[in-house]
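Heads up: the structure comes next, in structure tokens.
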């Protein structure tokens, strides 16, 4: 599917979608429990993959009350059954990694696979760690990539692993380790990248009554624990990764004029504080010169335009913000340098190269290095053309932000992939005043 985005001014009030990161963890945590409800979940292509995995392990996910914002889960109570069939994680790397450790708890073997993109992503350090902990974890092609074969009753122990490939490996082991007999101690061999995502995991575990902690060298989760959220329910907060596109739209295409609701610029409801590292978008856009105001108590984020200037941003902890920052950088004066970004190449697509190549199509001057992306905004004149979302929800949404200010019309191929994390993105952008039409 393609979408046309033409130069627009945006203003108005909208609501952030629920967090994909929290939803994944909450659904699986509810699966580890006897039963639990998840309030305000994000229902998207990726989170549906996690729901299917919980069902495959013997749980039941009831979506009949989704209209009321509630997902009811009867879990497998810490002991996943061996699935009757292969678990297809589609394009969800988070599902694959979190479920890989859950599958290691079963007394038989689970096969996990996914689409072409997922089968190219690395899982080697997680497979090695599970193997070192005494269970079976193999790549059928022996290259660390799916399809994966996992199982044989993980019982816990101590393991050493790198922290600079994916924080999801640590999340997977912490969640599974809580229901092992001996618990799991993780010693990190390298600096942990995307560390805020592990903080999200610790926050969700705590909400489900599970103890886990930092150690001098990594993390520890005691075994023999029970997943049970207070009151039997867990509420998912708004998603700051998705909020970043709405805030960026306000920064580049809202002039501060009042919307029909009387609001200035773009106002995003549901922006409550949490452990999400991507709350950094507020500080980043403020540093770039946008008019940003975050009422944390009310959960409201106001974003409007200003004299945007390029800055340097380290995305070591916030890899999902790279596409958003690059798009805003193409509009700002001066250089925007995005550093410490090599791990961002290991997502649904190589997001560093993807943003460099697609922004160049729009007329941006971009310099790409292995660990740095520099957008020369002062030398860029954006002109609409056809660009490719690369099958990646974050690339498609970031290119839409650039399309709001490009001369003429920008056509975004692969627009349907926003369903991974923000299914209503195009509708919300249109309601804010964005000129969005079907191709």
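Apply 1/(1 + (r/R0)^6) to the Cβ-Cβ distance of residue 107 and residue 345, taking R0 = 30 Å, and write down the FRET efficiency to the nearest 0.05.
0.20
Rg(Cα) of the range 239-334 divided by 2.2 N^0.38 Å?
Scaled against compact globular proteins, the figure is 1.00.
Report the relative contact order of the chain, percent, no decimals, based on alpha-carbon pairs under 8 angstrom and at least 6 residues apart.
Across the chain, relative contact order equals 19 percent.
How far, in degrees from 0 to 90, does helix 393-403 lean away from the longest principal axis of the Cα atoms of the chain, to the nearest 10?
Computed tilt is about 10 degrees.
With label points built 7 Å along Cα→Cβ from the Cα atoms of residue 361 and residue 435, find their separation and express it in nm.
Between residue 361 and residue 435, the label points sit 2.0 nm apart.
Using only Cα positions of the range 20-235, each an equal point scatterer, no hydration layer, compute I(q)/I(0) via Debye at q = 0.09 Å⁻¹ and quote the log10 values to two decimals.
-0.29
How much length would be gained if the chain were fully extended between residue 353 and residue 60, taking 0.36 nm per residue of separation minus their Cα-Cα distance, in nm to one decimal?
Extra length from residue 353 to residue 60 when fully extended: 101.5 nm.
For the chain, what Kirkwood radius comes out of the mean inverse Cα-Cα distance, in Å?
21.9 Å
Run the numbers on the range 20-235 and let me know its relative contact order in percent, using alpha-carbon pairs under 8 Å that are six or more apart.
This gives 20 percent for the range 20-235.
Most fluctuating residue of 85, 392, 152 in a GNM of the chain with Cα springs under 10 Å: which is it?
Highest fluctuation of the listed residues: 85.
When ranked by the protection proxy of mean other Cβ atoms within 10 Å per residue, highest first, what sequence do the peptides 190-199, 354-363, 322-331 form?
Final packing ranking: 322-331, 354-363, 190-199.
Give me the extension gain from residue 86 to residue 68: residue separation times 0.36 nm, minus the current Cα-Cα distance, reported in nm with one decimal.
Difference between extended and current length: 3.3 nm.
Which whole-number percent is the relative contact order of the range 303-439 (Cα, under 8 Å, 6+ apart)?
Here the relative contact order equals 20 percent.
Can you tell which of 123, 393, 214 shows the greatest fluctuation in a Gaussian network model of the chain with Cα springs below 10 Å?
Most flexible of the set in this elastic network: 214.
Using helices alone, I'd like the mean residue ellipticity at 222 nm for the chain: each DSSP H run of four-plus residues gives -39500 (n - 2.57), total over residue count, nearest 500.
After summing the helix terms and dividing by the residues of the chain, the value is -9000 deg cm²/dmol.
If you average the C-alpha positions of the range 32-56 and of the range 186-206 separately, how far apart do those two centres end up, in angstrom?
21 Å
Arrange the peptides 412-419, 243-250 so that the one whose residues have, on average, the most other Cβ atoms within 10 Å appears first.
Per-residue Cβ counts within 10 Å, averaged per peptide and sorted highest first, yield 243-250, 412-419.
Read the figures in this text as sums done on the coordinates, not as results from a lab. It should be emphasised that the depicted structure is a prediction, and the values quoted were computed from it without experimental measurement. Neighbour counts run over all protein chains shown; Cβ positions are idealised from the backbone, glycine included.
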